[in-house]
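Novice: Please read through the structure below; I'll follow up with questions.
The values are calculated or read from the model by the stated rules, or taken from the named source; none is laboratory data. Computed from a prediction, not measured in an experiment: that's the story for all the values here. Virtual Cβ from ideal backbone geometry, glycine too; neighbours counted across all protein chains shown.
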Amino acid sequence: MKNLIKRAFTICNQPYFLNSELQHIELVFTTINGYPVGLIKRIIKEVRNDHENQQPPQPMTDTTETNKENLPVTSKVKIYLPYAGKQGELITNELKKTVNKIFDKKLVTQVTFKSKKLSSCFNVKDTTQTKHNHNVVYKVKCPDCPATYIGEAGRRLQERVNDHGGRDKYSHVLKHSIERGHNKVNIENFSLLGKNFKTEGQRKTSEAFYIKRQKPTINVQRLSRPTPLFK
């Protein structure tokens, strides 16, 4: 929170924008994160005092040689780093000490931590459940025997589950269940062989290859889809 407040004072060049940003920070941390209002106002006051007490940086002298003798007392350098917790803060403190030692306190180092996207650390998207996938090639196994069926679907897979489970009277999987007296299939009997196909042609071609390779017993169609190498 303190870094966000410092950032507001650093980048907002008009009082209106600064006040608007501070109000937004106060709103977020009080209503969403449950921070006490008094704590936020106290930190804003501290940062405001520090910001007002800072001397404006003097321009660097035009010289071809940069060393500590050429630097005015009030020279400042800003460094932006990704936030890395306590370890990052320790490294930052050591960096400031080293710079002060080398330039005899003639160079002030200001480190500002930048936010980091969660997606750069781990996957923030939920895993899609099997039944919600579409544009897929799937395999069905009979619950009561080794018989299998391979098909493709542009719709959500759950729709094909409903078809093979009783909704589509022409389904070969359903006919197998009725003729053999076996239990009807459900989503637990389905597995994905391929997904995220861009076109119907890609799905059907992939389906044909899987049928050719695995030879599912329930499939009636045995001919592979023509796949010309050249058009």
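Novice: Have a look at GLY165, GLY151 and point out the one that is surrounded by 14 or more Cβ atoms within 10 Å (Cβ to Cβ) and not in a helix (DSSP H, G or I).
Specialist: None of the others qualify; the one that does is GLY151.
Novice: Something else now. Taking the range 168-190 as the search range and keeping residues that are in contact with a Ser or Thr (Cβ under 8 Å, 6 or more places away or on another chain) and not in a loop (DSSP other than H, G, I, E, B), which one is surrounded by the most Cβ atoms within 10 Å (Cβ to Cβ)?
Specialist: So, considering only residues that are in contact with a Ser or Thr (Cβ under 8 Å, 6 or more places away or on another chain) and not in a loop (DSSP other than H, G, I, E, B), the one surrounded by the most Cβ atoms within 10 Å (Cβ to Cβ) is PHE190.
Novice: Any residue in the range 68-86 that is part of a helix (DSSP H, G or I) and either at pLDDT 70 or above or on the phi > 0 side of the Ramachandran plot (or both)? Lay out the reasoning, then the answer.
Specialist: Step one: of the range 68-86, the residues part of a helix (DSSP H, G or I) are 68-70, 85-86.
From the residues that got through so far, the ones that are either at pLDDT 70 or above or on the phi > 0 side of the Ramachandran plot (or both) too are 85-86.
Checked the range 68-86: at least one residue is part of a helix (DSSP H, G or I) and either at pLDDT 70 or above or on the phi > 0 side of the Ramachandran plot (or both).
Novice: From the residues in the range 131-148 that are surrounded by fewer than 20 Cβ atoms within 10 Å (Cβ to Cβ), in contact (Cβ under 8 Å) with a residue 60 or more places away in the chain and in contact with a Ser or Thr (Cβ under 8 Å, 6 or more places away or on another chain), which one is farthest from GLU207 (Cα to Cα)?
Specialist: PRO146
Novice: Restricting the search to the range 19-38, which residues are touching a Phe, Trp or Tyr at 6+ places or on another chain (Cβ under 7 Å) and either free of Cβ contacts under 8 Å to residues at least 24 places away in the same chain or not in a helix (DSSP H, G or I) (or both)?
Specialist: Residue satisfying the conditions is TYR35 alone.
Novice: Let me ask something additional. For the range 192-205: of the residues being surrounded by 12 or more Cβ atoms within 10 Å (Cβ to Cβ) and of a type outside the set (Lys, Arg), which is nearest to PRO143 (Cα to Cα)? Break it down into steps so the answer makes sense when it comes.
Specialist: Restricting attention to the range 192-205, the residues satisfying the condition of being surrounded by 12 or more Cβ atoms within 10 Å (Cβ to Cβ) are 192-195, 197, 202-205.
Right, trim to of a type outside the set (Lys, Arg) and you get 192-194, 197, 202, 205.
On the way: LEU192: 17, LEU193: 18, GLY194: 22, PHE197: 28, GLN202: 29, THR205: 27 Å.
Of everything passing the filter in the range 192-205, LEU192 is nearest to PRO143 (Cα to Cα).
Novice: Okay, moving on. Filter the range 1-29 for residues that are modelled with pLDDT under 85 and over 22 Å from GLN54 (Cβ atoms) and give the result.
Specialist: None; the set is empty.
Novice: List the residue pairs whose Cβ atoms are under 6 Å apart, where the first residue sits in the range 98-113 and is within 24 Å of ASN3 (Cβ to Cβ), the second is aromatic (Phe, Trp, Tyr) and outside any loop (DSSP other than H, G, I, E, B), and the two are 6 or more positions apart or on different chains.
Specialist: Partner pairs satisfying both residue conditions: THR112/TYR80.
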